[in-house]
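Comments concern the structure below.
The values are calculated or read from the model by the stated rules, or taken from the named source; none is laboratory data. This is a predicted model, so every value here is computed, not measured. Here the Cβ positions follow ideal geometry from the backbone for every residue, glycine too, while neighbour counts run over all protein chains shown.
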Amino acid sequence: MNKNIARLAVTAGLTAALSFGGVMAPVTMAFAAGAPTVATEKGKVAITDEAYTDTTFKGIQIFTAKVTQDQKGDGSWDVSAAKTLSDIKWASDDVKTLVTTALKDVPGVPNVNEDAQTWAEFISTTQGSNYGETTAVDNGTVLDLIAEALEGDKTLTWTQPSNSSKGNFESLDQGYWLFVTDAPSKTGNTDVYTSPIFTIVGGSDVKVAPKKSVPTVVKKIKNDGGSDWADKADSQMGQKVEYKLTGTVASNIATFDTYHYEFSDKLSDGLTADDSSVIVKIGEKILSPNTTPGAKTGYDVSIDKATNTLTVKFADLKTAAKQANAALDGSSNVVVTYTAMLDPMKATNVTVGDTGNDNAVKLIYSNNPMGEGTGESVPDTVRDYTYALKLVKVDSVETAKKLEGVRFTIQATTPDDASSNGKFVQEKGNLGADAYEFTTNKNGEISVAGLDAGTYTVHEVEGSNPGYNTLKDFDFTIEANGLKKLEGERLDDNTDPNTLKVTARSNNPTMVTPSADGGTITLTVKNEKGSGLPLTGLNGVTFTWIAGGAVLCIGVAHLIRSRKQAEESEQE
């Protein structure tokens, strides 16, 4: 009798965390103070997933047993009291075979023919202190091996939920049970599988939430001249702009044997990413790219030109983190930074103003700790804006008269990006050290797209507009008021364009009228003709020329006559 009580006290440790995932509580004395009572009614388990209500679960019994728990004076179960198990038996021969086979290489394992109680003691002792309501089953522990073996056998018959709540189990036999995800939510593809939930059924009802978290990703862009990461920015054509991707991992990542993790970043058609600029960190530790594509020691970077998608992929994030000596747990963030630009070679694909050039990232991650499969996060979007200039050259009096063939240069004098100061706008909107000369067409216009916010100086090339005064240099400024309107983590539902404010400084006789429409600013420049200075005394000048010609003729005739008379005198 005393021997049986002592053994019961040891095996009473086969209790489990009643929430989240799957661990046994420490060995306790069999009967604490109170009124211990053997449960006779069938047990109930409710697994509630508030975020993904269509997720379904399934359960399987490992051991049958008598379940004892304290009861209060009113006959209700004392939910704060531990449950104990006695008269432990295997639930079925199939379960026994799978469990004993899965644990055959664990040090100290009992003989396969030992009774169920001996095996229960071994499981409880070997699992050790890895238990609790907030603890997930770690990969490689005895409970993980048991769950993997049972989940991996497709011939077993699992118990299904009792009603449409997807995770509500009723009329369960008392004993030790395992619950796992049967089918993840059909809402998108974001749901993940829970870590195994091990619990004692019988006594007080079991109410748990699945032990999981769905990974998320946030994308940010860095605007000019600031250190803050934002949801949108504006930039010059050809300017390298910094992007940052921050991804979370599953809170139960320790349950996974390997963990596929991938950033899939879809850029708009006018953007070009620099794959050589990619840096990946966990905390302050920099992870290394693979030297061999597809290896597990690092990550692979690729750009799909057909879809303009940048991919940063880990075949196994856990191995890569270990290789870099980076601490990886359920609270870790994986951070990717890289640069991209509005590409002058893709100028026709660059969106001017409007809703900007969007850039969306999603995560693809392992979602089942007990098997294969991946899920996808909700995408996150940022936008990169750029603007266009249309300069119209007209006659100051006959404003309908457009001036063709006039050449201009445009210089960034106070750009948002300080490194661009003093550079000249080129044909495609990018900046360069040498001045590019724009020439007005038959409509008197020059157009260029790809300008950043900031101040620019317009210079008319001297002599390019015959008959008109050369314009004095003038400035215009673009302010993107809309950049400050949007706040919050996500941009997906906001497609409001930026509003632009443009001002221009007029220097006599240069007259500039600025306006803005969407992402395009228009500068109408009026030019005055050159003055025709009057010529006075024109008739007097003419008379002088006539008189002078007459005198010259008379002089010549007199000279000829004199010579002739002299010759005649000599002959006489």
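May I ask you to verify whether G429 is surrounded by 17 or more Cβ atoms within 10 Å (Cβ to Cβ) and either modelled with pLDDT of 90 or more or not in a strand (DSSP E or B) (or both)?
yes
Of everything in the stretch 59-85, what is buried (at least 18 other Cβ atoms within 10 Å of the Cβ) and small (G, A, S)? Give them in sequence order.
Within the stretch 59-85, G59, A65, A81, A82 qualify.
Looking at the structure I just gave you, is S264 closer than 18 Å to N367 by Cα and modelled with pLDDT of 95 or more?
yes
So if I check each of G108, G140, which one is at positive phi and over 43 Å from the mean Cα position of the chain (by Cα)?
G108
Here is a yes/no grid of residues against (1) surrounded by fewer than 15 Cβ atoms within 10 Å (Cβ to Cβ); (2) at pLDDT below 85; (3) aliphatic (A, V, I, L, M):
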residue: A449; (1), (2), (3): no, no, yes
residue: G454; (1), (2), (3): no, no, no
residue: H459; (1), (2), (3): no, no, no
residue: G463; (1), (2), (3): yes, yes, no
residue: P466; (1), (2), (3): yes, no, no
residue: K485; (1), (2), (3): yes, yes, no
residue: L491; (1), (2), (3): no, yes, yes
residue: N494; (1), (2), (3): no, yes, no
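Which number in (1) under 22 Å from A516 (Cα atoms); (2) more than 33 Å from the chain's Cα centre (by Cα); (3) among the charged types (D, E, K, R) marks the one condition that R407 misses?
(1)
Considering the stretch 432-474 alone, what residues qualify as being part of a strand (DSSP E or B) and either in the same structural domain as Q236 (by TED's automatic domain parsing) or farther than 11 Å from A412 by Cα (or both)?
F438, T439, E445, I446, S447, V448, A449, G450, H459, E460, Y468, F474
Taking only the stretch 328-365 into account, find how many residues are at negative phi, modelled with pLDDT under 95, touching a Gly at 6+ places or on another chain (Cβ under 9 Å) and among the small types (G, A, S).
1
Looking at the stretch 402-419 only, could you name the residues that are in contact with a Gly (Cβ under 8 Å, 6 or more places away or on another chain) and not in a strand (DSSP E or B)? Give the steps one after another, and end with the answer.
The first filter runs over the stretch 402-419 and keeps only residues in contact with a Gly (Cβ under 8 Å, 6 or more places away or on another chain), leaving 402-404, 406, 411-418.
Hits for the stretch 402-419 are L403, E404, V406, D416, D417, A418.
Looking at (1) outside any loop (DSSP other than H, G, I, E, B); (2) surrounded by fewer than 17 Cβ atoms within 10 Å (Cβ to Cβ); (3) of a type in the set (G, A, S), which is the one condition that is false for A360?
(2)
Taking only the stretch 290-308 into account, find how many residues are surrounded by fewer than 17 Cβ atoms within 10 Å (Cβ to Cβ) and under 20 Å from the mean Cα position of the chain (by Cα).
Of the residues in that region, 7 qualify.
What are the residues in the stretch 309-341 that are crowded, with 20+ Cβ neighbours inside 10 Å and either among the basic types (K, R) or within 17 Å of the chain's Cα centre (by Cα) (or both), if any?
L310, V312, F314, K318, V334, V336, Y338, A340, M341
If I filter the stretch 128-139 for residues that are free of Cβ contacts under 8 Å to residues at least 24 places away in the same chain and surrounded by fewer than 18 Cβ atoms within 10 Å (Cβ to Cβ), do I get at least one hit?
Yes, the stretch 128-139 has at least one match.
Condition first: under 30 Å from W229 (Cα atoms), out of contact with any strand residue (DSSP E or B) (no Cβ under 7 Å at 6 or more places or on another chain) and either in the same structural domain as V512 (by TED's automatic domain parsing) or without any contact (Cβ under 8 Å) to a residue 24 or more places away in the chain (or both). Now tell me which residues in the stretch 369-421 satisfy that.
Residues satisfying the conditions are D417, A418, S419.
For the stretch 86-95, check the following and say yes or no: at least one residue is modelled with pLDDT of 95 or more, assigned to a loop (DSSP other than H, G, I, E, B) and not assigned by TED's automatic domain parsing to the domain that holds D329.
yes
Among the residues of the stretch 387-396, is any more than 26 Å from Y436 (Cβ to Cβ) and over 28 Å from the mean Cα position of the chain (by Cα)?
Taking every residue of the stretch 387-396 in turn, at least one turns out to be more than 26 Å from Y436 (Cβ to Cβ) and over 28 Å from the mean Cα position of the chain (by Cα).
Kindly establish whether T470 is over 15 Å from E528 (Cα atoms), at pLDDT below 95 and not aliphatic (A, V, I, L, M).
The answer is no for T470.
For residues that are surrounded by fewer than 18 Cβ atoms within 10 Å (Cβ to Cβ) and in contact with a Pro (Cβ under 7 Å, 6 or more places away or on another chain), tally how many sit in the stretch 147-199.
At the first step, the residues of the stretch 147-199 found to be surrounded by fewer than 18 Cβ atoms within 10 Å (Cβ to Cβ) are 152-160, 162-165, 168, 170-171, 173, 182-183, 186-189.
Going one step further and asking which of them are in contact with a Pro (Cβ under 7 Å, 6 or more places away or on another chain), we end up with 168.
Result for the stretch 147-199: 1.
Does at least one position in the stretch 380-394 carry a residue that is part of a loop (DSSP other than H, G, I, E, B), surrounded by fewer than 21 Cβ atoms within 10 Å (Cβ to Cβ) and of a type outside the set (A, V, I, L, M)?
Step one: of the stretch 380-394, the residues part of a loop (DSSP other than H, G, I, E, B) are 386.
Those still in the list that are surrounded by fewer than 21 Cβ atoms within 10 Å (Cβ to Cβ) too: none.
For the stretch 380-394, residues part of a loop (DSSP other than H, G, I, E, B), surrounded by fewer than 21 Cβ atoms within 10 Å (Cβ to Cβ) and of a type outside the set (A, V, I, L, M): absent.
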